[in-house]
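Novice: Dropping the structure in here first, questions after.
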Amino acid sequence: MFKQTLIIATLTMLIFSVTGHAEDLRLKRDVERHLVNPLIGLFMAQQDKSAGRHAPSAIAQKSVNQLKQKLGGNWLVEWNKQGTALKSMVRDTQNKSSNSPSSSNKKLTPDKIKKDIAINFLKTNFSLFQIPPDLDDLTVEEVRDYGSGGTAYCCVVPFVQTFNSIPVTNKYVMVTVNENGIIDGVFNHYQPNINIFTTPLLSKADVIDIVQEDALQKLQKILNKNGRSFPIFTEKQKKIFAEKSELTLIVHVNSKQQPVLAYEFYLHTADDSVNIKYLIDANSGIIIEAGDFSNPNTEMNYLN
């Protein structure tokens, strides 16, 4: 149970480090909502043997059984909703079987070799996870070791999904490899069959105008509730926003699992008193997501 709990903790730390924005509390909450909580929920569901499972085909189930036999030990397995691909498989360290791999006499495995082990595993078993055989749209990130007392209990090898070199948000595959080069888990959040145009109709300048006007409207409502008001949409007021803002073209997968070309935009004020995340449809300009403006810290005293 200790090692399984450690896997969740390491994935949580890794997700924050991969984003590059761990210092931003709003982004932390966003990442936690979309990545960390689903991983923890998935893991807890695997502990409950009565949890609902999606039935795979007989051929797919046979292939997984052969893989588990090859890897040795007992495995907790979950399929996607369609029963066509493995969503996760985690080694059950609580209930070791007679064919569990022994690690007592093995030497510690260097990270470079762990990375190669993860890559070779995914390439060999790509069909079970519905990922491309050459992993051409999965970019391997920095390998991370986690443990305590100088001992690395597990190594996380993350593969981040892209489409036409554009990042696909919250879509990835993670492989955990233990200190002896043995695979202990795979978490599959790959989005198959993406097929969209990746040339946006809106420019970055268009998106910035959309976001700034929306932000000023929402900030005006907040100030009006406190008995304060100010005229909006003036060039002077737009200068409250930082000249350089983080704006990235991404593929966003919505709640219906449909890919949408979008801009991810972090709106900053010049004094950094406001830092709001926006997600804008790159073709229609529709606001898909907007950060929380109800926080008292978003009230800018110099607006009136």
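Values quoted throughout were computed directly from the atomic coordinates according to the rules given, and no laboratory measurement underlies them. Remember, predicted model here, so these are calculated numbers, not experimental data. Neighbour counts are summed over all protein chains in view; Cβ atoms, including those assigned to glycine, are modelled from backbone coordinates with ideal geometry.
Novice: Please list, by residue number, every one of the chymotrypsin sites (Phe, Trp or Tyr not before Pro) in region 122-217 that is coil in DSSP and has at most 10 other beta-carbon atoms within 10 Å.
Specialist: Working: sites: 126, 129, 146, 153, 159, 163, 172, 187, 190, 197; in loops: 190, 197.
Sparse-neighbourhood loop chymotrypsin sites (Phe, Trp or Tyr not before Pro): 197.
Novice: Working out 0.36 nm times the residue gap between residue 205 and residue 62, then minus their Cα-Cα distance, what length gain in nm do you get to one decimal? All intermediate terms of the calculation are to be shown ahead of the outcome.
Specialist: Details: separation 143, 0.36 × 143 = 51.48 nm, distance 5.31 nm.
Contour length minus Cα-Cα distance gives 46.2 nm.
Novice: Label residue 283 and residue 195 with points 7 Å out from Cα along Cα→Cβ: what is the distance between them in nm?
Specialist: 1.4 nm
Novice: Given R₀ = 22 Å, FRET efficiency for residue 256-residue 126 by Cβ-Cβ distance, to 0.05?
Specialist: 0.30
Novice: If you don't mind, another one. Of 292, 116, 281, how do they rank once you tally other Cβ atoms within 10 Å and put the fewest first? All intermediate terms of the calculation are to be shown ahead of the outcome.
Specialist: Numbers: 292 12, 116 15, 281 19.
So the residues, fewest neighbours to most, are 292, 116, 281.
Novice: Taking 0.36 nm per residue of separation and subtracting the Cα-Cα distance, what length does fully extending residue 74 through residue 246 add?
Specialist: Numbers: separation 172, 0.36 × 172 = 61.92 nm, distance 4.52 nm.
Residue separation times 0.36 nm, minus the Cα-Cα distance, leaves 57.4 nm.
Novice: In the structure displayed, which of 87/112; 115/171; 81/277; 62/171 lie more than 23 Å apart, Cα to Cα?
Specialist: Details: 87/112 25 Å; 115/171 19 Å; 81/277 30 Å; 62/171 27 Å.
Flagged as over cut-off: 87/112; 81/277; 62/171.
Novice: Something else now. Using label points projected 7 Å from each Cα along Cα→Cβ, tell me how many nm separate residue 213 and residue 135, to one decimal.
Specialist: Here the answer is 4.6 nm between the modelled labels.
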